[in-house]
Amino acid sequence: MKTRSRSTIAAALFGAVLALYAQVAAAPSALSALSSWGKSQYVPGEVLVKFKPSAVAQARAASVAGLGHAVLADLDQSGLVQVKLGAGQTMEAALDSYKNDPNVEYAQPNYIYRASVAPNDTQYGQLWAFKNTGQTIANANISPASGTSGDDIHIEPAWGQITDCSSVIVAVVDTGVNYNQEDLAANMWNGSGSGFPNHGNDFVDIDNDPMDLNGHGTHVAGIIGAVGNNAKGTTGVCWMASIMAVRVLDASGVGSTASITQGVNFAVTNGAKVINMSLGGGGNDPAFSNAITNAQNNNVVVVVAAGNDGVNNDLTGNAIFPCNFTQPTLICVAALDSNFALMSFSNFGATSVDVGAPGTNILSTFVGATATISDNFGRPGALNWTTSGGGWANGTLGLDVSGTNFVAGATFSALLNPTTYPTGAYANSADNRVYKTFDLSGVNAASLNFFAQIDIAASDALNINFKAAGGDPFVGGVQLAGGPGTTGGIAGLSFDLSPCIGATCSVGFQLTSNASITAKGAGIVRFRIDTLTLNTTTYQIDTGTSMATPMVAGLAAMLRAYNPQFTFTDTVNAIKNAGKSLPALAGKTTTGKAIDVISSLAYINPPTGLSASVQ
Amino acid sequence: MKTRIRLVALIAAGWIAGCGGGGGGGSSPPPVPVTDHTVTITWAPNREKGVNSAGGGYHVSISGKPTIDVAFNGATTPTSTTTTLQTGTYSVAVTAFAALDNQGGATGSVSAPSQTLAVNVP
């Protein structure tokens with residue numbers, strides 16, 4: 001089992017990144033299942049015949065016997081009988097014969113009806129996206145915690161047709177997947193024959209172990225294909241699946257063009273027919289775009305997230321990739337709440353975002369137990385971090401009217417340089433260090449998270465380092481990020497701290513300057529280290545377009561499993577054309593629709609290639 | 001006055017065609033004989049499971065004619081049909097159908113029509 005990750009990606013502070021789309025934050029009930037009669041639509045070898053009231057018993061008997069049939073039962077007093085056909089006779093021919101019989105009012109197949117099928121997973125009652133009864137979601141992390149009965153993806157009738165999507169490999173290109181999770185282990189891709197014994201590959205650490213050290217990918221995977229009807233946990237869109245874990249984002253949820261394009265190409269090369277990417281960022285990235293085109297050329301459907309900024313992706317400056325790429329195989333997904341309203345955080349776009357799907361308070365498989373080590377820099381007392389060279393102090397910061405810049409105020413405990421930040425400027429010729437040692441023993445992964453507003457002159461630097469052995473991290477430590485720059489406002493920053501796991505992990509900030517220009521400096525608030533200890537039994541609620549995306553990826557897998565000859569075009573058409581029209585999505589997506597699983601399963605593409613020959 | 005002359009001309013042409021030929025005196029074009037032709041209509045197979053299994057198939061619509069049903073025959077769903085059409089121009093379109101409906105029942109679903117094909121029967 002993987003316990004450590006090595007990644008020193010300079011995150012949002014100093015360069016473009018691609019980050020996952022979840023807002024991170026579980027409970028039980030059970031419904032019974034009912035399924036019968038195989039998969040035929042009507043009872044073979046039988047028809048129902050309704051005789052006219054004028055047809056006497058002798059005439060009825062003659063009609064049936066004349067065709068070589070036999071009456072199985074009188075179904076009511078009005079002349080409706082259940083008829084058994086003769087050997088080798090087709091239902092269609094029988095119906096034609098009865099249609100021409102003057103004694104017959106009508107004849108029809110003996111249709112088969114199936115109950116909507118619900119699995120027995122213990123927490124199924126919490127999965128409002130699959131069956132919205134207006135239930136209250138326990139541990140909801142966003143409002144509303146309960147919604148409108150019926151506002152769901154209409155999947156139970158589809159489960160009467162198909163629950164096994166394992167013939168279609170679905171690649172989760174994400175933070176990896178905890179392939180040992182109790183509700184995922186049986187549904188992971190078997191890559192042993194291809195040299196990938198751990199169900200996928202890792203393009204962060206460059207090895208073949210895609211164990212999730214964040215949790216995001218495991219949650220996404222469970223929405224697509226947590227084992228259904230196994231009397232534990234949750235179920236995915238597919239009860240049986242083949243999930244390929246492709247790790248391209250590190251423990252803090254950050255990746256790069258390099259890791260992601262390798263991941264997409266790996267998935268395509270190894271047979272995935274659906275790729276889920278609940279991630280976004282960057283710019284118009286030709287390498288990334290080419291990887292998606294390669295997927296399309298190999299008949300792969302690619303489902304991606306719209307993003308969680310609450311903005312219109314169509315507007316200049318708001319474009320987010322891969323959502324805003326234009327390949328026909330791409331489906332970009334917005335998030336709906338349990339009233340089927342577009343969530344305020346969800347991005348949208350009449351030309352870039354395609355469909356909506358449930359994305360709030362989604363319970364799914366998780367990677368393990370999380371914990372948070374918070375630090376307020378000793379407030380309200382003195383700074384309790386080790387310093388050298390001066391410059392740093394603790395204090396408080398508030399927010400300006402826009403909420404995007406720090407001002408003097410008491411809202412947050414803060415680490416400041418200069419001590420008067422956000423007024424004044426840091427010193428010239430400085431080497432100001434501040435650091436603290438944290439106990440990260442016994443965990444599998446850790447990430448460093450804080451909010452900062454930073455303004456450092458071009459000739460100066462703000463460095464963020466760690467050192468597993470403790471002590472001054474700027475002596476023999478590892479740099480997480482460094483250099484001059486500006487955040488231009490308050491930025492949320494996140495770094496993978498997994499290489500620092502142990503009892504004596506020191507983390508620090510260093511401001512260095514030359515003898516000339518100075519700038520405003522830095523203010524840091526909400527400093528925390530999130531830790532993760534892997535297990536196989538955790539489930540968690542998450543919210544975001546990241547959660548809406550795998551609903552659609554799961555549907556794509558189901559459609560391709562149900563219709564083995566489907567192309568990517570057939571699959572995309574069935575998803576986009578058969579959804580449920582929602583006023584909330586009109587003008588905000590290309591389709592104006594939320595996905596509807598049974599409608600997509602019943603959708604039929606118009607015939608093509610019509611020609612005629614006349615003789 | 002010009003309008004009236006045209007109307008007369010059209011009526012005359014119709015009368016000649018309706019006569020099915022005849023002497024064709026003077027400079028009038030020869031009448032077009034009405035004859036039966038065998039017409040085979042083909043299309044690409046749909047890839048939906050439901051179209052290619054029990055309860056599935058195609059409806060072939062030919063203007064002025066009853067719809068032709070091409071149903072799953074127990075092994076395959078044919079993608080052609082042959083019919084007899086008389087001289088004329090026909091609009092042909094095909095829809096695909098399956099038993100599964102969008103509620104999970106068996107009342108059936110039908111596709112949108114194919115692009116319409118104009119068929120000229122000489």
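The values are calculated or read from the model by the stated rules, or taken from the named source; none is laboratory data. All values reported here derive from a predicted model rather than from experimental measurement. Please note: Cβ atoms are built from the backbone with ideal geometry, for glycine as well, and neighbour counts cover all protein chains shown. Each accessible area value is taken on the protein alone, full model and side chains, heavy atoms only, with ligands, DNA and RNA left out. Shrake-Rupley method; radii C 1.70, N 1.55, O 1.52, S 1.80 Å.
Details
- Selection count, the stretch A:533-544, where residues are open to solvent by 10 Å² or more (accessible area, probe 1.4 Å) and assigned to a strand (DSSP E or B): 4
- In the stretch A:556-571, the residues that are more than 9 Å from chain B (Cβ to nearest Cβ) and open to solvent by less than 10 Å² (accessible area, probe 1.4 Å): A:ALA556, A:ALA557, A:MET558, A:LEU559, A:THR571
Each row is one residue, and each column tells you yes or no for (1) farther than 30 Å from A:PRO358 by Cα; (2) within 14 Å of chain B (Cβ to nearest Cβ); (3) surrounded by fewer than 22 Cβ atoms within 10 Å (Cβ to Cβ).
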{"residue": "A:ALA94", "(1), (2), (3)": "yes, yes, no"}
{"residue": "A:TYR98", "(1), (2), (3)": "yes, no, no"}
{"residue": "A:PRO102", "(1), (2), (3)": "yes, no, yes"}
{"residue": "A:GLN108", "(1), (2), (3)": "yes, yes, yes"}
{"residue": "A:TYR111", "(1), (2), (3)": "yes, yes, yes"}
{"residue": "A:GLN126", "(1), (2), (3)": "no, no, no"}
{"residue": "A:ASN132", "(1), (2), (3)": "no, no, yes"}
{"residue": "A:THR136", "(1), (2), (3)": "no, no, yes"}
{"residue": "A:ALA140", "(1), (2), (3)": "no, no, yes"}
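- Flag if A:ASN178 is in the same structural domain as A:GLY282 (by TED's automatic domain parsing) and either open to solvent by 20 Å² or more (accessible area, probe 1.4 Å) or of a type in the set (Lys, Arg) (or both): no
- Residues of the stretch B:79-111 that are farther than 14 Å from B:GLU48 by Cα, at pLDDT 95 or above and part of a loop (DSSP other than H, G, I, E, B): B:THR87 alone.
- Boolean, A:VAL434 is under 30 Å from A:ASP212 (Cα atoms) and of a type in the set (A, V, I, L, M, F, W, C): no
- Scanning the stretch A:240-261 for residues that are part of a loop (DSSP other than H, G, I, E, B) and within 17 Å of the chain's Cα centre (by Cα) gives A:VAL248, A:LEU249, A:ASP250, A:ALA251, A:SER252, A:GLY253.
- Looking only at residues of the stretch A:434-462 that are of a type outside the set (Phe, Trp, Tyr) and open to solvent by 40 Å² or more (accessible area, probe 1.4 Å), we find that the one that is farthest from A:SER513 (Cα to Cα) is A:GLY442.
- Residue in the stretch A:500-515 that is in the same structural domain as A:THR396 (by TED's automatic domain parsing), open to solvent by 10 Å² or more (accessible area, probe 1.4 Å) and in a strand (DSSP E or B) present: yes
- Residue within the stretch B:95-103 that is more than 8 Å from every other protein chain (Cβ to nearest Cβ) and under 18 Å from the mean Cα position of the chain (by Cα) present: no
- The residues on offer are A:ALA553, A:ALA586, and the sole one that is more than 14 Å from every other protein chain (Cβ to nearest Cβ) and within 25 Å of A:GLN181 (Cβ to Cβ) is A:ALA553.
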